[in-house]
Amino acid sequence: MTSLRPSAEAADRLLDGLDRPQVDAVTADGGPVVVLAGAGSGKTRVLTRRIAWRVLRGETDPDRVLTLTFTRKAAAELRERQRALGLRQRVPAGTFHSTALAQLRQRWSERGVTPPRLLDRKIRFVAQLLSGDRGADPADVVAEIDWARARLIEPDDYGRAARAAGRVPPMPADRLAAVMVRYQQEKRRKRLVDFDDLLALAIRDLRADPDYAAAVRWRHRHLYVDEFQDVNPLQHALLCEWLGDRTDLFVVGDPNQAIYGWNGSDPALLDGLAADRGATVVRLDHNYRSTPQILQLAAAALPPVGGGPGGGRLRADRGPGPLPTLASHPTDRAEADAVAETVRRIKTADRPWSDQAILVRTNAQLILFDEALSALGIPVRLRSGPGPLGSPEVKGELRAIGRDGIDLVQCLEELDERLAALAAKPATGAAAERQANLTALSGLIHDYVTTEDRPSGPGLIAWLTTLQHGGTEGADSVDAVELATFHGAKGLEWPVVHVAGLEDGFVPIAYASTEAQRREERRLLYVALTRAHEQLHLTWAAERTFGVKTVGRDPSPHVADLGRAIDALRGGERAPVDWRAQIARTRERLPDANGSGHQVGGPGRPDAGGGRGGLGGIGPDPDDLLAALRRWRAARARAAGVPGHVICDDRTLQVIATARPTSRAQLAALPGMRPGRLARWGDDLLDLVATG
Ligand code: ATP
Ligand code: MG
């Protein structure tokens, strides 16, 4: 890193390599300055350059800068970009919450106040408040409480505001409003604060004490906000307090990337700031990140009317690149294996693993890709925070299970029973995500129990810890393929991006029921697609296993549009692909459909009973093999002292009996063949198929 000494000359060198509107944004006088532009147009570049430019011109003391963003990861990214520009001193960059907490801690310590405790198990806390209010899922109630707080909506006004926003409260609105009141009272009584209280308390202190407010404003004299489209009214209120009556504010944002509306953010705040008569508005119209092919494809994800500046109308600065690809796979495991293979094929001496990322819609999907890449020895980094294992519900489950002396198999059975009961009624919102995380946990415990001679609670925790860290997660300097959710990928970029799981239910997410939610899901897809520089590979699976249940999947409703966009990019050189026919072909490749004549099942398809042989008397009868497999399972289960389904569920046995795999690779590709199962029972199963 070169250190830059304050000089106008050094500052002006920072303007090299910027286009005209970007220079205007970096050098605009005073504030507020609002940069409105699409993905990859250099908003974050302009924001960091402006800080460095002003510091080098001696106009800004770096200690008095505060850069705000929305996640710790994004704050780290901003700090990294500032370092890369040669800014020696650390320019503060943080989230609204981390900055508010630092401010409160300082104030509490100055005044000798014992800090309140942070409420980290909010769902459990709310569940206790709901004890007399059966029926509503506490996770959904928490989502409503958070939304109302983010929007500065008082309990009395909740019903009206929720109706206006098209929300469907998990319980009658007046009862939910009463829970909100109880929630606040109970927290106060126990001296607990939640994350949003940090913002509210910081606002209260600033409003109550003008001298204190003046000191804080002196400290944070120059305010910068990245990704302003995702600011919510509560954060905005705090920003206004930090700003006071000054105008030294620089924000960048893209309404087409607003992806937190459901959690209370309000892109109208960005429009409001831009419409502010004193604001300088700069629009950037070039995209420096992606090839024209990728940009054109990404534009197909946005609603046809577009709306917002830039968005689908950016001009690509890069030269043309390869055509994006779109492929379907018979099962989720086949999809993960195929993506892992593609990742391996793309890796060359000049293209490190870290040039590639795999992006999915939900945390729970990450595990399959982690397994598939790890099976090929490909290093992986989980970017999206902790993944399902770090979710509160899984942590809560592990706290109960991970103790010594616990009967793990019984715990697993109970968990599976609870999941089966949950699966019987369609989940929405946070509850659906919770269910998916617990299902992922159940799959992992099954793997552990079947690979471990003496399964125990602490052993499980140790095993999961190594799974999470065993060469997969690492320091940013480690060369690894990134695995992230669409949300976690915001603001980031990679030369090669694989967007997987493009299925109805993920894209859009199953619980997106209103038009506004579905539009937000489209913007989320747009964010994912616009992360790529050169190569974009899209995939979906026609069948997916959730825990022990396998269900048929339809492609995302956007797949047809994306397919058509790829056809258009192909420029009519070849006949357009018939996407309907391709989907039908994918279904035909399903193991069941090949052999036993099973339909691709919906959630309710009975597993037991076995498929009738559909081979018309030619070749071995799958029923004989299935019977042999079940006998083998019964013997193994007896020997291990566990129920049969812990060794292998019936559905997987049926698939094996029908597909008759002759190699480990074929066996591994079958739905339900998780790595643990394969490692432990692969040889047994192949022997049985060979002799059965
Ligand atoms: P997003 O909306 O995804 O957050 P963004 O608008 O913040 O994107 P940046 O991440 O700042 O865009 O820039 C996208 C890429 O383009 C980065 O690799 C950046 O270094 C590069 N870039 C930006 N401006 C220029 C330029 N004038 N010349 C060359 N490269 C540029
Ligand atoms: Mg950015």
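The values are calculated or read from the model by the stated rules, or taken from the named source; none is laboratory data. Only a predicted model underlies this, so the values are computations on that prediction, with no experimental measurement involved. Please note: Cβ atoms are built from the backbone with ideal geometry, for glycine as well, and neighbour counts cover all protein chains shown. Side chains are part of the model used for accessible areas, which takes the heavy atoms of the whole protein and leaves out ligands, DNA and RNA. Shrake-Rupley method; radii C 1.70, N 1.55, O 1.52, S 1.80 Å.
List every residue pair whose Cβ atoms sit under 6 Å apart, with the two residues 6 or more apart in sequence or on different chains, where the first one lies in the stretch 426-451 and is closer than 28 Å to Met171 by Cβ and the second, anywhere, is at pLDDT 75 or above and of a type in the set (S, T, N, Q). Final answer for the pair search is Ala427/Gln435; Ala436/Thr362. Filtering Leu249, Leu297 for residues that are open to solvent by less than 60 Å² (accessible area, probe 1.4 Å) and more than 30 Å from Leu366 (Cα to Cα) leaves a single hit, Leu249. Of the strands (runs of 3 or more DSSP E) contained entirely in the stretch 222-297, those carrying at least 3 residues that are more than 27 Å from Arg318 (Cβ to Cβ) fall at 222-225. When each of Gln22, Gln103, Gln82 is tested for being part of a helix (DSSP H, G or I), of a type outside the set (Asp, Glu) and more than 16 Å from ligand 2 (Cβ to nearest atom), the lone residue that passes is Gln103.
Is the stretch 49-57 home to any residue that is at pLDDT below 75 and over 27 Å from Glu241 (Cα atoms)? Show your work before the answer.
To start, the set of residues in the stretch 49-57 that are at pLDDT below 75 comprises none.
Among the residues of the stretch 49-57, not one is at pLDDT below 75 and over 27 Å from Glu241 (Cα atoms), which makes the answer no.
Condition check for Val449 on (1) modelled with pLDDT of 75 or more; (2) hydrophobic (A, V, I, L, M, F, W, C); (3) in a helix (DSSP H, G or I); (4) out of contact with any Asp or Glu (no Cβ under 9 Å at 6 or more places or on another chain): one failure, at (1).
Here the stretch 254-271 is the region considered, the condition is being hydrophobic (A, V, I, L, M, F, W, C) and farther than 22 Å from His286 by Cβ, and the residue that is least open to solvent (accessible area, probe 1.4 Å) is Ile259.
Is there a residue being within 16 Å of ligand 1 (Cβ to nearest atom), open to solvent by 10 Å² or more (accessible area, probe 1.4 Å), among the β-branched types (Val, Ile, Thr) and modelled with pLDDT under 85 anywhere in the stretch 60-71? Reasoning before the result, please.
Of all residues in the stretch 60-71, those within 16 Å of ligand 1 (Cβ to nearest atom) come to 67-71.
After this cut, where a residue has to be open to solvent by 10 Å² or more (accessible area, probe 1.4 Å) as well, the list is 70-71.
Keeping just the survivors that are among the β-branched types (Val, Ile, Thr) gives 71.
So of that shortlist, the ones also modelled with pLDDT under 85 come out as 71.
Within the stretch 60-71 (the criterion being within 16 Å of ligand 1 (Cβ to nearest atom), open to solvent by 10 Å² or more (accessible area, probe 1.4 Å), among the β-branched types (Val, Ile, Thr) and modelled with pLDDT under 85), the answer is yes, since at least one residue qualifies.
Please enumerate the residues belonging to the stretch 298-319 that are modelled with pLDDT of 85 or more and either assigned to a loop (DSSP other than H, G, I, E, B) or more than 18 Å from Leu562 (Cα to Cα) (or both).
So the first thing to find is which residues in the stretch 298-319 are modelled with pLDDT of 85 or more, and the list is 298-302, 315-319.
Correct list: Ala300, Ala301, Leu302, Arg315, Ala316, Asp317, Arg318, Gly319.
Here Arg117 clears all of (1) farther than 17 Å from Val193 by Cα; (2) surrounded by fewer than 20 Cβ atoms within 10 Å (Cβ to Cβ); (3) touching a strand residue (DSSP E or B) at 6+ places or on another chain (Cβ under 6 Å) except the condition numbered (1).
Quick one: how many residues across the stretch 210-229 are open to solvent by less than 40 Å² (accessible area, probe 1.4 Å) and either within 16 Å of ligand 2 (Cβ to nearest atom) or not small (Gly, Ala, Ser) (or both)?
From the stretch 210-229, those open to solvent by less than 40 Å² (accessible area, probe 1.4 Å) are 212-213, 216, 220, 222-229; that's our starting set.
Next cut, either within 16 Å of ligand 2 (Cβ to nearest atom) or not small (Gly, Ala, Ser) (or both) only: 212, 216, 220, 222-229.
Number of matching residues: 11.
Here the stretch 526-560 is the region considered, the condition is being open to solvent by 20 Å² or more (accessible area, probe 1.4 Å) and among the acidic types (Asp, Glu), and the residue that is farthest from ligand 1 (Cβ to nearest atom) is Asp554.
Residues in the stretch 640-661: is at least one in a loop (DSSP other than H, G, I, E, B), modelled with pLDDT of 80 or more and of a type in the set (Lys, Arg)? So that I can check it myself, show each step before the final result.
Within the stretch 640-661, the subset in a loop (DSSP other than H, G, I, E, B) is 641-643, 648-649, 660-661.
Pick out the ones that are also modelled with pLDDT of 80 or more and you get 648, 660-661.
Narrowing the set further to residues that are of a type in the set (Lys, Arg) leaves 660.
Yes: the stretch 640-661 contains one or more residues that are in a loop (DSSP other than H, G, I, E, B), modelled with pLDDT of 80 or more and of a type in the set (Lys, Arg).
Would the stretch 203-225 turn up any residue that is within 16 Å of ligand 1 (Cβ to nearest atom) and either among the basic types (Lys, Arg) or under 23 Å from Val527 (Cβ atoms) (or both)? Explain how you work it out, then say what you get.
Taking the stretch 203-225 as the starting set, the residues that turn out to be within 16 Å of ligand 1 (Cβ to nearest atom) are 224-225.
Cutting the leftovers down to either among the basic types (Lys, Arg) or under 23 Å from Val527 (Cβ atoms) (or both) gives us 224-225.
Within the stretch 203-225, one or more residues are within 16 Å of ligand 1 (Cβ to nearest atom) and either among the basic types (Lys, Arg) or under 23 Å from Val527 (Cβ atoms) (or both).
Of everything listed in (1) within 11 Å of ligand 1 (Cβ to nearest atom); (2) in contact (Cβ under 8 Å) with a residue 12 or more places away in the chain; (3) open to solvent by 10 Å² or more (accessible area, probe 1.4 Å), the single unmet condition for Gln22 is (3). Give the residues of the stretch 634-683 that are surrounded by fewer than 16 Cβ atoms within 10 Å (Cβ to Cβ) and among the acidic types (Asp, Glu), sorted by residue number. Passing the criteria: only Asp683.
Any chance the stretch 34-55 includes a residue that's assigned to a loop (DSSP other than H, G, I, E, B), of a type outside the set (Asp, Glu) and more than 16 Å from ligand 1 (Cβ to nearest atom)? No: zero hits. Within the stretch 329-349, restricting attention to residues that are in a loop (DSSP other than H, G, I, E, B) and over 17 Å from Glu503 (Cβ atoms), the residue that is modelled with the lowest pLDDT is Ala349.
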